[in-house]
Amino acid sequence: ASPTLLGLIGLSFVFFLLYGPVEVALPVHVASDLHASADLLGWFWAAFGVGAVLGSLAAPYLRAWPLWLTMIGIVAGWGLALLPLGLGAPLVLSLVAFGLGGMIYAPYNSLAMAVFQDSVPRPTLTAVLAIRSGLMIVATPLGTALGGPLVEALGARVTLLASALATVALAALAVVAGTVRRPLSAALRAGTRRV
């Protein structure tokens with residue numbers, strides 16, 4: 001497998017892993033920190049859902065953009081959209097940001113699939129996608145399982161903040177890894193040609 005595809009699998013796994021604690025922390029945050037009812041939790045998920053529908057509709061247009069950078073941008077954008085919740089921002093701002101987060105988050109999977117379909121030779125595509133699917137199926141539930149102890153130890157709002165900051169850091173790490181890898185690969189190719 002190419003370093004780009006391995007990097008994409010790693011990025012996706014950690015991205016979905018970091019999303020998992022949100023599913024645990026958000027209901028606790030609404031109930032314990034905001035002292036609100038399940039109605040407000042419903043509003044958060046409704047905002048996310050509306051955003052996700054809009055984001056899914058935009059996904060085909062994003063294929064014209066550089067896919068790897070777009071996917072890193074999605075990771076960073078989701079982390080930034082989660083920040084208002086983690087920082088205890090006013091409720092309206094948190095709801096709008098969470099809806100925007102849904103719009104940013106939604107195209108990720110279809111873009112990842114496009115990268116694989118464009119990059120992997122047809123004979124091995126099914127096997128590679130099966131490996132990717134197996135890892136992705138584990139990632140979010142594993143993050144959700146980690147969410148319980150995190151909420152217990154840190155509290156719901158701080159868990160949301162930690163997830164947001166870790167997600168933004170993941171995007172920054174992906175940018176740095178891509179920036180370092182390109183000159184290193186070029187140098188290695190040049191060295192091979194001289195030998």
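The values are calculated or read from the model by the stated rules, or taken from the named source; none is laboratory data. Because the structure is a prediction, the values reported are computed rather than measured. Note: ideal-geometry Cβ built from the backbone for every residue, glycine included; neighbour counts use all protein chains shown. Each accessible area value is taken on the protein alone, full model and side chains, heavy atoms only, with ligands, DNA and RNA left out. Shrake-Rupley method; radii C 1.70, N 1.55, O 1.52, S 1.80 Å.
Give the residue from 169, 25, 92 lying farthest towards the positive end of the charge dipole for the chain; charges sit on Cβ (+1 for Lys and Arg, -1 for Asp and Glu) and the dipole is referred to the Cα centre.
Final value for the positive-end residue is 169.
Looking at the chain as a GNM with Cα springs under 10 Å, which of 71, 113, 136 has the largest mean-square fluctuation?
In this elastic network of the chain, the residue with the biggest mean-square fluctuation among 71, 113, 136 is 113.
Give me the accessible area per residue for the range 1-150, probe 1.4 Å, as a whole number in Å².
That works out to 48 Å² for each residue.
For the chain, give the magnitude of the charge dipole about the Cα centre (Cβ charges: +1 Lys/Arg, -1 Asp/Glu; no others), in debye to the nearest 20.
My answer is approximately 1120 debye.
Using the Kyte-Doolittle scale, which helices in the chain average at least 1.0 and also have C-alpha atoms spread 27 Å or more along the helix axis, with helices defined as whole DSSP H runs?
Long hydrophobic helices here: 3-28, 38-62, 67-86, 122-154.
Test of understanding: in a Gaussian network model of the chain with alpha carbons linked when under 10 Å, which of 84, 123, 27 would top the mean-square fluctuation ranking?
Among 84, 123, 27, the largest GNM mean-square fluctuation belongs to 123.
Treating the range 1-88 as a set of equal point scatterers at the Cα positions, no solvent, please give the Debye-formula log₁₀ I(q)/I(0) at q = 0.11, 0.15 Å⁻¹.
Relative scattering, expressed as log10 I(q)/I(0), comes to -0.41, -0.72.
Cut-off 10 angstrom, C-alpha nodes, Gaussian network model of the chain. Which of 16, 116, 48 fluctuates the most?
The residue that fluctuates most here is 116.
Using a 1.4 Å probe on the protein chains only, how many percent of the accessible area of the chain belongs to carbon and sulfur?
Solvent-exposed carbon and sulfur of the chain make up 74 percent of the total.
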